[in-house]
Amino acid sequence: MQALILGISSGTGCIAYCAPVLVSYLLGRGSRVSGNFFVLFQFLAGRFLGYMIFAILAWLLGRTLVQVPVFFSLFTAFIYLILGILLFLYGFIREQTNEKRCKNSSGAIPEKKSGCLVQTDNAVIRKVQDRWPILVPMLIGLLAGLNFCPPFLLAFTDAASQETLPRCLMFFALFFVGTSIFFLPFAFIGIVRRYNILSVVGKLATGLIGIYYFYAGLMLLINLLTIR
Amino acid sequence: MNDLEKIKKSEPLKGSVLKSLLLIIPMLLLSFLMLSGGQIPSAPSKIFALIMAFIFFNTLFFLMVHTGKTDKFRAIAFCLFALCLTCSFISHYIEARGSMGISDRTLLACKLPFCHIVIPMTLIPMAFTRTIIFPGMIIGGYASIATMFVIWIGVSLALGRGFCSWGCFFGGWDDFFSRLTKKPLIKKISDKLHYLPYAVLLLIVISSAAYLFPTYCAWLCPFKTVTEFQDVTSLKTLLETVIFISLFAGLVVILPFLTKRRTQCGLFCPMGALQSFTNKISPFSVNINKDLCVNCKRCIKVCPTFSMDEKSVSKGKTRITCVKCGKCVDACPEKAIFFHIKGTALKGNYKIGRLLFIYPAFLFLVAFSGSDFQVVIVRLINFVSTGSFLLK
């Protein structure tokens, strides 16, 4: 119960850290509200996976003499670098019109079917999206969730004091449920999907925030190297 | 010859000298009021500065009215405004604290001048937390928060995104560099990048609301290069400095030079993106008479903020990002583009519509920039007489 209340009380803090990524990504997709809910659940699934990884780490922390600050910083740095590259690729990869796929019966290309008109030109991303369509939002959720925001650190500290691994996992799972409630309204971004421009803006914003995360990861690494 | 051609032929924008002089009389009176602030200064150097500023602005306005050309004369004042503000600002801060750098002590004192670019970042925190996330003064002092908000609201209602061409004290920099070459060296910029300012706006609004910190000011604003910035005391501040200087060099100097466009304003500035929406409420717009338009695309080539494209020209209007600089109006060989007052007939007297627009726009430019012009003239006089640009 404590974990759930902690999650609910600090959920807005989690949104503050995840919103720039999530809002940009959902806008960039240009999906309907129902589609956005589907993506959101994938995002939350990734986040949940991240939280479970941290639950295991928290439990191990209570039992080892690992140099925690250095380990956390190094881990976070690499997560940020990967997230930054992923978001940058998503935001700024070249798009091209898939005319053959999108032409209607009269041979014209409908302007408003934004999802139809856009196809990634990047072979790697296209392969990933075609074969494992849930992987991209889930990966973004995982990497964005592995974020040492203040509520998360609080939960981490509390979880580290749990006696057994299942209790630690349960603690983080309930914390996750508490924070996730605040993410549900984001799916309603799909209401503005008819404005194709917002999709372009969202993608560009995602690319920009990728640059920020890459920079943040680099700074963490530089700080670590400087300290050592 | 149809009615439109008759209007075009019979009402050239250029008028007689006497008529132009009569038309600028209100500006003479109003500009004097704005420049003097309601009282004549006592120091000889300030009187001289007042006279010079008065002559300068009114000469430009007279030429604007008489020749029918808007952009050329607007740009002279606009670019000089940017230069004068920089000189005035830097001199003031060197006098006050010995450098352009902002120390932590200065930040904590909450006396930083409030710039209009901060406005988008403050709105959500102000609405939800009743906090202004900027270390400035609400009232009093130099460029207080309340003053800037009032000015911004008033100008937005009147001019819309015309603020970016008639008031923004930074826009003159990339406007200047965009005019240095005769032909652009880079002609094509991806259409997708035209939406980048909105992406920057989205990000800085969300991140500022999340972190309760003006993120654009801290990390991205290129104009810190010509005003003030945090002292370099750590790796973080060093990186911040490298970033904003690089952005200034790239977006304000190099790219405008190469493209002959205002790339900072058109491709990056989040305040410009926000200001675009105010074009919807402004009573003025720039329209195209489709009957006169011969689709030469000259307006698309000259527009500094990418506010003209084939789609908008075919609809007879500019895109929402139009900064109302008048460049397309002046460039159109068929006189098909005109300043229009919303709600009035599209096929009316173009001259009246233009006059009704340039009057408030130019007056705002005078009011906003006048004091900086005069300060620089006073400093120049001081430099000539004492060898120092600083007044103290």
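The values are calculated or read from the model by the stated rules, or taken from the named source; none is laboratory data. Here the structure is a predicted model, which means the values were calculated and not measured. Cβ sites come from the backbone with ideal geometry, for glycine too, and all protein chains shown count toward neighbours.
Set side by side, the residues B:ARG105, B:ARG161 differ, and just one is surrounded by fewer than 21 Cβ atoms within 10 Å (Cβ to Cβ), assigned to a helix (DSSP H, G or I) and of a type outside the set (A, V, I, L, M, F, W, C), which is B:ARG105.
Residue-wise test of (1) more than 9 Å from chain A (Cβ to nearest Cβ); (2) in a helix (DSSP H, G or I); (3) among the polar types (S, T, N, Q).
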site: B:ILE189; (1), (2), (3): yes, no, no
site: B:LEU193; (1), (2), (3): no, yes, no
site: B:LEU201; (1), (2), (3): no, yes, no
site: B:SER208; (1), (2), (3): yes, yes, yes
site: B:PHE244; (1), (2), (3): yes, yes, no
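Could we say that B:GLN230 is closer than 21 Å to A:LEU218 by Cβ and more than 14 Å from chain A (Cβ to nearest Cβ) here? Here the answer is yes, as B:GLN230 does meet what is asked.
Filtered by the rule that a residue be of a type outside the set (Val, Ile, Thr), surrounded by 15 or more Cβ atoms within 10 Å (Cβ to Cβ) and closer than 25 Å to B:GLN230 by Cβ, region B:127-157 gives B:PHE134, B:PRO135, B:GLY136, B:MET137, B:GLY141, B:ALA143, B:SER144, B:MET148, B:PHE149, B:TRP152. Taken over region B:214-227, the criterion of being within 11 Å of chain A (Cβ to nearest Cβ) and among the aromatic types (Phe, Trp, Tyr) is satisfied by B:TRP219 alone. Selection over region A:211-228 of residues that are over 18 Å from B:ILE243 (Cα atoms) and either buried (at least 21 other Cβ atoms within 10 Å of the Cβ) or more than 8 Å from chain B (Cβ to nearest Cβ) (or both) gives a count of 5.
Please work out if B:PRO333 is surrounded by fewer than 20 Cβ atoms within 10 Å (Cβ to Cβ) and under 23 Å from B:PHE169 (Cβ atoms). Don't jump to the end; show me each part of the working.
Details: surrounded by fewer than 20 Cβ atoms within 10 Å (Cβ to Cβ): yes; under 23 Å from B:PHE169 (Cβ atoms): no.
Judged against the criteria, B:PRO333 is not a match.
In this structure, does B:ILE55 turn out to be surrounded by fewer than 17 Cβ atoms within 10 Å (Cβ to Cβ), modelled with pLDDT of 95 or more and more than 17 Å from the chain's Cα centre (by Cα)? Lay out the reasoning, then the answer.
Values: surrounded by fewer than 17 Cβ atoms within 10 Å (Cβ to Cβ): yes; modelled with pLDDT of 95 or more: yes; more than 17 Å from the chain's Cα centre (by Cα): yes.
Yes: the conditions hold for B:ILE55.
For region A:1-19, taking the residues that are modelled with pLDDT of 75 or more and within 14 Å of chain B (Cβ to nearest Cβ), the one that is farthest from A:GLY84 (Cα to Cα) is identified as A:ALA19. B:PHE89 versus (1) of a type outside the set (D, E, K, R); (2) at pLDDT below 90; (3) surrounded by fewer than 19 Cβ atoms within 10 Å (Cβ to Cβ): which is the lone unmet condition? Tallying (1) of a type outside the set (D, E, K, R); (2) at pLDDT below 90; (3) surrounded by fewer than 19 Cβ atoms within 10 Å (Cβ to Cβ), B:PHE89 fails exactly one: (3).
Being closer than 18 Å to A:PHE37 by Cβ, of a type in the set (Gly, Ala, Ser) and modelled with pLDDT under 80 is a description that applies to A:SER199. For region B:323-338, indicate whether the set of residues that are of a type in the set (Val, Ile, Thr), at pLDDT 95 or above and either under 15 Å from the mean Cα position of the chain (by Cα) or more than 22 Å from B:PHE163 (Cα to Cα) (or both) is non-empty. Yes, that holds for at least one residue. For region A:119-132, the criterion of a residue being surrounded by fewer than 19 Cβ atoms within 10 Å (Cβ to Cβ), at pLDDT 75 or above and of a type in the set (D, E, K, R) is satisfied by no position. Looking across B:LYS280, B:LYS324, one residue alone is at positive phi and either part of a helix (DSSP H, G or I) or touching a residue at least 40 places away in the same chain (Cβ under 8 Å) (or both). It is B:LYS324. Taking the condition of being farther than 22 Å from B:CYS164 by Cα, within 26 Å of the chain's Cα centre (by Cα) and part of a loop (DSSP other than H, G, I, E, B), how many residues in region B:111-133 meet it? Residues meeting the conditions: 3.
Annotation note: Cβ proximity below 8 Å between a residue of region A:27-38 that is within 14 Å of chain B (Cβ to nearest Cβ) and a residue that is surrounded by 16 or more Cβ atoms within 10 Å (Cβ to Cβ) and among the aromatic types (Phe, Trp, Tyr) (sequence gap 6+ or interchain) occurs for A:GLY28/A:TYR90.
The single condition among (1) touching a residue at least 40 places away in the same chain (Cβ under 8 Å); (2) more than 14 Å from the chain's Cα centre (by Cα); (3) away from chain A (no Cβ under 14 Å) that B:GLY162 does not meet is (2).
Would you check which residues across region B:290-319 are of a type in the set (A, V, I, L, M, F, W, C) and either buried (at least 16 other Cβ atoms within 10 Å of the Cβ) or at positive phi (or both) and list them? Listed by number, the residues that qualify are B:LEU292, B:CYS293, B:CYS299, B:ILE300, B:VAL302, B:CYS303, B:PHE306, B:MET308, B:VAL313. Selection over region A:185-210 of residues that are hydroxyl-bearing (Ser, Thr, Tyr) and either touching a strand residue (DSSP E or B) at 6+ places or on another chain (Cβ under 8 Å) or within 10 Å of chain B (Cβ to nearest Cβ) (or both) gives a count of 2. I'm trying to understand the selection: among the residues of region A:183-204, which are within 14 Å of A:PRO137 (Cβ to Cβ) and aromatic (Phe, Trp, Tyr)? A:PHE183, A:PHE186 - these are the residues of region A:183-204 that are within 14 Å of A:PRO137 (Cβ to Cβ) and aromatic (Phe, Trp, Tyr).
The number of residues in region B:196-243 being closer than 20 Å to A:ILE209 by Cα and more than 20 Å from the chain's Cα centre (by Cα) comes to 24.
Only residues that are assigned to a helix (DSSP H, G or I) and of a type in the set (Gly, Ala, Ser) were counted in region B:297-313, giving 1. Per the listing A:LEU74, A:LEU87, A:LEU60, the residue uniquely modelled with pLDDT of 70 or more, surrounded by 17 or more Cβ atoms within 10 Å (Cβ to Cβ) and among the hydrophobic types (A, V, I, L, M, F, W, C) is A:LEU87.
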